[in-house]
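Colleague: This structure is in C-alpha cells; I'll ask about it shortly.
The values are calculated or read from the model by the stated rules, or taken from the named source; none is laboratory data. Please read these numbers as outputs of a predicted model, since none were measured by experiment. Cβ placement follows ideal geometry from the backbone for every residue including glycine, while neighbour counts extend to all protein chains displayed. Note: areas computed on protein heavy atoms with side chains; ligands, DNA, RNA excluded. Shrake-Rupley method; radii C 1.70, N 1.55, O 1.52, S 1.80 Å.
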Amino acid sequence: MHFQLSHEHTMLVDTVRSFIETEIYPHEDLVERTDEIPPDLAAEIQAKAIEVGLYAANMPEEYGGGGLDNFGVTLLERELGRASYGLQMLVARPSNILRGCTGTQIEEYLLPTIRGERHDCLAMTEPNAGSDVRSMQTKAVREGDDYIINGSKHFISHADVSDYVILFAATDVEQTKAGPKKKITGFLVDFDTPGVTRRRGPACVSHRGYHQCELFFDNVRVPVSKRLGEEGKGFDLMGEWLGATRLTVAATSVGRGRRVLDMATEWAATRKQFGQPIGRFQGTGFKLADMATELEAADLLTLQAAWKCDQGSMTDSDAAMAKLFASEALARITDQTLQIFGGMGLMNSLPIERFWRDARVERIWDGTSEIQRHIISRAMLRAHGA
C-alpha cells in the first residue's frame, strides 16, 4: 500500500486549494447573508475554473473533460469541500451519469455541459419516494416515438440554475420474489419543454445559495431519442454511474472537517482563560485529539474506497462506509468546534455556526446514514446466506 501522493496529485491539491482560497472564500459571507449567488459572480468563477482546468475534471479527456480518475476526483472534491457549497459547485462536475449519453445526446447534452454552456441537475426524489426510490410515482408512458411523462419531484439541487434535468420515471412493473417492483428509466428533459414547471422549494438551513427545487411534469412529451440508457434499466444506470457520488459526500465532509479543525485548533491555542490557552485544558485538548483522529480515519477510508473504485473492486459497502463515517465524523467535529468556541461559535460574525448547520445535511442526502448502515449490514449478512 502506498500512501504518498504522486507529484501530479500534489499539484492538483495545491491548485484547487489556491483556487478556493482566492476565488471562493472572499464571497462566502455575501452568499451566506443573501442566500443568492449573483449571476455575474457565478459566470466569473465558472470562467476562471475553466481557465485553470478544474471545470468538468471528472469527464473523459476525449470529450474535453479533465480526465481525472476516481482517486483524483476524490482529492478534488476534498479540497472543494472546504468552501461554501453553493460557490464550489460553480467549479462544475457534471453528473457522471451523462457518460451514458449516446448518439445525438453527446452533442446536445454531454459536450455543451462539459464546456460549461449547459448545466445539468438530477431528479429522483419525490415527496413519497426518498430512500425508497422504486416507490416513485412519476410515470413515463410510451406513445409511438415519444414518452408522456406525468408526476413531480422535490429536493432537486440547483435545478434553478440548470438547463435540463436527468429525470428518472417509472415505465413498467416487474414481479420479483419480494413482490412487484417498478422498473425505472432515465430521460434527458429540457426545462423549456412544454408541460415542465420548476419552482424554488422551501428554504434550507444548510448550504445557503445552493437551492432545492420542485419540478412538475404535466403530459410532458419527450422523444425516445432523449431516453438515457435502455427502458427499464434506469436503476442499473444509477448503480453504474452514481455509486461514486457517495465518495463525493465523504470527500466533501473530510475537506470541510479539516477547515473547521484548523479554526478550532487556532482558537484553542490563542484563546486564554485562567491564565493559559484553553487548548491546554484536557476538556478542550482531548476534543482536538479526537477530532483529528476521526478526520484522519475518515480521510483514509475515503481514499481507500476511491482507489478501489479505480481498480474496479469498490463494493457498495466500501462507498457506504466512507460516506457514513465521514459525514458523521463531520457532524461531531463541527459540534465540538462550536463547543470550543463557546458563545462566539453561535454568532453569525464567525462561520462556525454555518459549518455546524451545513454539516447536518451530509447525513441525509445521497443516502441517509440509516441507508448506508443497511447497505453495509445487508452485505455482511448475505455473506452468511442470510
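Colleague: If you scan the range 309-323, which residues turn out to be of a type in the set (S, T, N, Q) and outside any helix (DSSP H, G or I)? So that I can check it myself, show each step before the final result.
Modeller: Initially, the range 309-323 is screened for residues of a type in the set (S, T, N, Q), giving 311, 313, 315, 317.
Selection gives Ser313, Thr315.
Colleague: List the residue pairs whose Cβ atoms are under 6 Å apart, where the first residue sits in the range 62-79 and is of a type in the set (D, E, K, R), the second is surrounded by 22 or more Cβ atoms within 10 Å (Cβ to Cβ) and at pLDDT 95 or above, and the two are 6 or more positions apart or on different chains.
Modeller: Qualifying pairs under 6 Å: Glu77/Ala251; Glu77/Thr252; Arg78/Ala251; Arg78/Val254; Arg78/Gly255; Glu79/Val16; Glu79/Gly255.
Colleague: Taking only the range 134-149 into account, find how many residues are part of a loop (DSSP other than H, G, I, E, B) and open to solvent by 30 Å² or more (accessible area, probe 1.4 Å).
Modeller: 3
Colleague: Inspect all residues belonging to the range 270-280 and state whether any of them is among the aromatic types (Phe, Trp, Tyr) and either part of a helix (DSSP H, G or I) or touching an Asp or Glu at 6+ places or on another chain (Cβ under 7 Å) (or both).
Modeller: Restricting attention to the range 270-280, the residues satisfying the condition of being among the aromatic types (Phe, Trp, Tyr) are 274.
Now drop any that are not either part of a helix (DSSP H, G or I) or touching an Asp or Glu at 6+ places or on another chain (Cβ under 7 Å) (or both), which leaves none.
Checked against the condition, which is being among the aromatic types (Phe, Trp, Tyr) and either part of a helix (DSSP H, G or I) or touching an Asp or Glu at 6+ places or on another chain (Cβ under 7 Å) (or both), the range 270-280 yields no hits at all.
Colleague: Taking Arg246 as the residue in question, decide whether it is buried (at least 17 other Cβ atoms within 10 Å of the Cβ), touching a residue at least 12 places away in the same chain (Cβ under 8 Å), of a type in the set (Lys, Arg) and part of a helix (DSSP H, G or I). Steps first, answer last, please.
Modeller: Working: buried (at least 17 other Cβ atoms within 10 Å of the Cβ): yes; touching a residue at least 12 places away in the same chain (Cβ under 8 Å): yes; of a type in the set (Lys, Arg): yes; part of a helix (DSSP H, G or I): yes.
Answer is yes for this residue.
Colleague: Right, next: Residue by residue through the range 333-378, note down the ones that are assigned to a loop (DSSP other than H, G, I, E, B) and on the phi > 0 side of the Ramachandran plot.
Modeller: Asp366, Gly367
Colleague: Residues in the range 94-101: is at least one open to solvent by 40 Å² or more (accessible area, probe 1.4 Å) and either of a type outside the set (A, V, I, L, M) or farther than 30 Å from Thr15 by Cα (or both)? Full working, then the answer.
Modeller: Here is the first cut: in the range 94-101, the residues open to solvent by 40 Å² or more (accessible area, probe 1.4 Å) are 99.
Now narrow it down to the ones that are either of a type outside the set (A, V, I, L, M) or farther than 30 Å from Thr15 by Cα (or both): 99.
Yes: one or more hits.
Colleague: Ser349 fails exactly one of the following numbered conditions: (1) modelled with pLDDT of 95 or more; (2) of a type outside the set (Lys, Arg); (3) more than 17 Å from the chain's Cα centre (by Cα). What is the number of that condition?
Modeller: (1)
Colleague: Go through the range 272-284 residue by residue and tally those that are free of Cβ contacts under 8 Å to residues at least 24 places away in the same chain and surrounded by 14 or more Cβ atoms within 10 Å (Cβ to Cβ).
Modeller: First pass over the range 272-284, keeping only residues free of Cβ contacts under 8 Å to residues at least 24 places away in the same chain: 272-277, 279-283.
Applying the additional criterion that residues be surrounded by 14 or more Cβ atoms within 10 Å (Cβ to Cβ) yields 277, 279-281.
So the count comes out to 4.
Colleague: Check Ala43 against each of (1) under 27 Å from Cys204 (Cα atoms); (2) among the small types (Gly, Ala, Ser); (3) touching a Leu at 6+ places or on another chain (Cβ under 6 Å) and name the one condition it does not meet.
Modeller: (3)
Colleague: Moving on. Which count do you get for residues in the range 344-376 that are exposed (fewer than 13 other Cβ atoms within 10 Å of the Cβ) and of a type in the set (Gly, Ala, Ser)?
Modeller: 1
Colleague: Can I ask one more? In the range 150-238, which strands (runs of 3 or more DSSP E) lie fully inside it and hold 2 or more residues that are more than 20 Å from the chain's Cα centre (by Cα) and of a type in the set (Phe, Trp, Tyr)? It would help to see each step written out before you state the result.
Modeller: On the way: elements: 164-176, 179-190, 196-200, 212-223.
Per the criteria, 212-223.
Colleague: Right, something else. Mind listing whichever residues of the range 56-77 are open to solvent by less than 20 Å² (accessible area, probe 1.4 Å), in a helix (DSSP H, G or I) and closer than 20 Å to Ser157 by Cβ?
Modeller: Of the residues in the range 56-77, the ones open to solvent by less than 20 Å² (accessible area, probe 1.4 Å) are 56-59, 65, 72, 74-77.
From what's left, in a helix (DSSP H, G or I): 72, 74-77.
Thr74, Leu76, Glu77 - these are the residues of the range 56-77 that are open to solvent by less than 20 Å² (accessible area, probe 1.4 Å), in a helix (DSSP H, G or I) and closer than 20 Å to Ser157 by Cβ.
Colleague: Criterion first (open to solvent by 10 Å² or more (accessible area, probe 1.4 Å), outside any strand (DSSP E or B), at pLDDT below 95 and polar (S, T, N, Q)) does Ser131 satisfy it? It would help to see each step written out before you state the result.
Modeller: Working: open to solvent by 10 Å² or more (accessible area, probe 1.4 Å): yes; outside any strand (DSSP E or B): yes; at pLDDT below 95: yes; polar (S, T, N, Q): yes.
Yes: the conditions hold for Ser131.
Colleague: Same structure again: Scan the range 366-385 and report the pairs whose first residue is farther than 17 Å from Leu247 by Cα and whose second residue is surrounded by 14 or more Cβ atoms within 10 Å (Cβ to Cβ), with Cβ atoms within less than 7 Å and a gap of 6+ or a chain change.
Modeller: Ala379/Thr315; Ala379/Asp316; Ala379/Ser317
Colleague: From Ala319, Ala297, Ala292, which residue is touching a Lys or Arg at 6+ places or on another chain (Cβ under 6 Å) and either within 23 Å of Thr248 (Cα to Cα) or buried (at least 17 other Cβ atoms within 10 Å of the Cβ) (or both)?
Modeller: Details: Ala297 fails: touching a Lys or Arg at 6+ places or on another chain (Cβ under 6 Å); Ala292 fails: touching a Lys or Arg at 6+ places or on another chain (Cβ under 6 Å).
Exactly one of Ala319, Ala297, Ala292 is touching a Lys or Arg at 6+ places or on another chain (Cβ under 6 Å) and either within 23 Å of Thr248 (Cα to Cα) or buried (at least 17 other Cβ atoms within 10 Å of the Cβ) (or both), namely Ala319.
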